[in-house]
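Novice: Sending over a structure as structure tokens; questions will come in a sec.
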Amino acid sequence: MITNDIIDPRSDDEILNEIDVNNIETENRISLETNNLNLWYGDFQALIDVNARVKSGLITGLIGPSGCGKSTLLRCFNRVNERYGNVTTTGQIKIMGKNIYDPDVCLPELRKAVGMVFQKPNPLPISVYENIVFGLRIHNEYNSLSRTEIDNLVELSLKEVFLWDSLKDKLKAKATNLQLEQQQKLCIARLLPLKPQIILMDEPCSALDAGATRAVEELMKELAGRYTILIVTHNMAQARRISEECFFMLLGKIVESGQTEQMFVSPEDPRTDDYIAGRYA
Ligand SMILES: Nc1ncnc2c1ncn2[C@@H]1O[C@H](COP(=O)(O)OP(=O)(O)O)[C@@H](O)[C@H]1O
Ligand SMILES: [Mg+2]
């Protein structure tokens, strides 16, 4: 017999509410954060007081006219900008709550955690298999793994980007001979053995045709949740299709940010409205 004291006295609604609260807390975790970030190339200021919060596990879009600083902002998160000699940065950048300029931050570890995909697919002109294990080699993890473990990682990575079925018999094929869509998916797959938390994508579909673009978008949606994705796109329809949150940048500043649908339906700033409506170059 069920007695009252082991029956949860709360109604289903109350219990569901509690579950929702937990989910919201998970969703609101911040993966990338900048505080008053400024960046100069020589005398030219490319980022001005950027305060951005990118939530964990979501696809966040970064939109704005050419030259407004989207790629520059993206490159801040894995500290690639500092490869250019004349760059000065002030302010704070945090990844998973950790300031990436702290003296104890190890750059190779940072670059493993924050993977990047570029406009033009750029696999190395070596085999599919070797492209996937390349990251393990440069991070000195290759030698600590058995052949079977490496084979498994290659299989898992290709499965995660839906390339396994089409490429499992072509692992020795030269990656640069694949179709562009496969090349771009491979560029995503090769990040995965390094267990990134964040994947930065800089106009990853602009070299692809409509079909390949849709396929890569579907892949991004599959990866969201497990990874935090920040994607620069020139394509407003794409931003709307795939991103849950969005930043609109203009002349080095974030003009507006928030939920994508909200921003497209009722932008707060007239400049966002102009851009979305195609009234900017
Ligand atoms: N390595 C660089 N050296 C000097 N100026 C640069 C460099 N990279 C970008 N810029 C300038 O910074 C501004 C922002 O560029 P970028 O981040 O590439 O914009 P977007 O990706 O939005 O097109 C532009 O005015 C661009 O000319
Ligand atoms: Mg760019």
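The values are calculated or read from the model by the stated rules, or taken from the named source; none is laboratory data. Small disclaimer: the values here were computed from a predicted structure and weren't measured. Cβ sites come from the backbone with ideal geometry, for glycine too, and all protein chains shown count toward neighbours.
Novice: Looking at the stretch 134-193, which of its residues are of a type in the set (Lys, Arg) and within 25 Å of the chain's Cα centre (by Cα)?
Specialist: If the condition is that a residue be of a type in the set (Lys, Arg) and within 25 Å of the chain's Cα centre (by Cα), then ARG137, LYS159, LYS185, ARG190 are the ones that fit.
Novice: Is there any pair with a first residue in the stretch 79-100 that is within 16 Å of ASN38 (Cβ to Cβ) and a second that is part of a loop (DSSP other than H, G, I, E, B) whose Cβ atoms are under 6 Å apart and which are 6 or more apart or on different chains, and what are they?
Specialist: From residues that are within 16 Å of ASN38 (Cβ to Cβ), the pairs are ASN86/GLY42; ILE93/ILE100.
Novice: Let me ask something else about it. So ASN122 clears everything in (1) away from ligand 2 (no atom under 16 Å from the Cβ); (2) part of a loop (DSSP other than H, G, I, E, B); (3) modelled with pLDDT of 95 or more except one condition, right? Which one?
Specialist: For ASN122, the exception is condition (1).
Novice: Same structure, new question: Give the stretch 57-74 a look and list any residue that's more than 9 Å from ligand 2 (Cβ to nearest atom) and out of contact with any strand residue (DSSP E or B) (no Cβ under 8 Å at 6 or more places or on another chain), or say none.
Specialist: Correct list: empty.
Novice: Report yes if LYS94 is part of a helix (DSSP H, G or I), modelled with pLDDT of 95 or more and on the phi < 0 side of the Ramachandran plot, otherwise no.
Specialist: Details: part of a helix (DSSP H, G or I): no; modelled with pLDDT of 95 or more: yes; on the phi < 0 side of the Ramachandran plot: yes.
Against the criterion (part of a helix (DSSP H, G or I), modelled with pLDDT of 95 or more and on the phi < 0 side of the Ramachandran plot), LYS94 does not qualify.
Novice: Assess whether LEU156 counts as being buried (at least 17 other Cβ atoms within 10 Å of the Cβ), at pLDDT 95 or above and more than 17 Å from GLU218 (Cα to Cα). Reasoning before the result, please.
Specialist: Working: buried (at least 17 other Cβ atoms within 10 Å of the Cβ): no; at pLDDT 95 or above: yes; more than 17 Å from GLU218 (Cα to Cα): yes.
Here the answer is no, as LEU156 does not meet what is asked.
Novice: If I ask for residues that are near ligand 1 (Cβ under 9 Å from one of its atoms) and either surrounded by fewer than 17 Cβ atoms within 10 Å (Cβ to Cβ) or at negative phi (or both), which ones from the stretch 64-82 would you list?
Specialist: PRO65, SER66, GLY67, CYS68, LYS70, SER71, THR72, LEU73, LEU74, ARG75, ASN81
Novice: Has the stretch 47-58 got at least one residue that is over 20 Å from ILE231 (Cβ atoms), within 16 Å of ligand 1 (Cβ to nearest atom) and either in contact with an Asp or Glu (Cβ under 9 Å, 6 or more places away or on another chain) or at pLDDT below 95 (or both)?
Specialist: No.
Novice: Which is under 25 Å from GLU155 (Cα atoms) and touching a residue at least 12 places away in the same chain (Cβ under 8 Å), of THR260, THR233, THR213?
Specialist: Exactly one of THR260, THR233, THR213 is under 25 Å from GLU155 (Cα atoms) and touching a residue at least 12 places away in the same chain (Cβ under 8 Å), namely THR213.
Novice: Just the residues that are within 16 Å of ligand 2 (Cβ to nearest atom), more than 12 Å from LEU32 (Cβ to Cβ) and aliphatic (A, V, I, L, M), please, taken from the stretch 42-56.
Specialist: Answer for the stretch 42-56, where residues must be within 16 Å of ligand 2 (Cβ to nearest atom), more than 12 Å from LEU32 (Cβ to Cβ) and aliphatic (A, V, I, L, M): ALA46, LEU47.
Novice: Could I ask something else about it? Can you tell me which residues in the stretch 112-166 are touching a helix residue (DSSP H, G or I) at 6+ places or on another chain (Cβ under 7 Å) and among the aromatic types (Phe, Trp, Tyr)?
Specialist: Within the stretch 112-166, TYR129, TYR142, PHE162, TRP164 qualify.
Novice: Of GLY278, GLY252, which residue is within 30 Å of GLN45 (Cβ to Cβ), more than 19 Å from the chain's Cα centre (by Cα) and crowded, with 18+ Cβ neighbours inside 10 Å?
Specialist: GLY252
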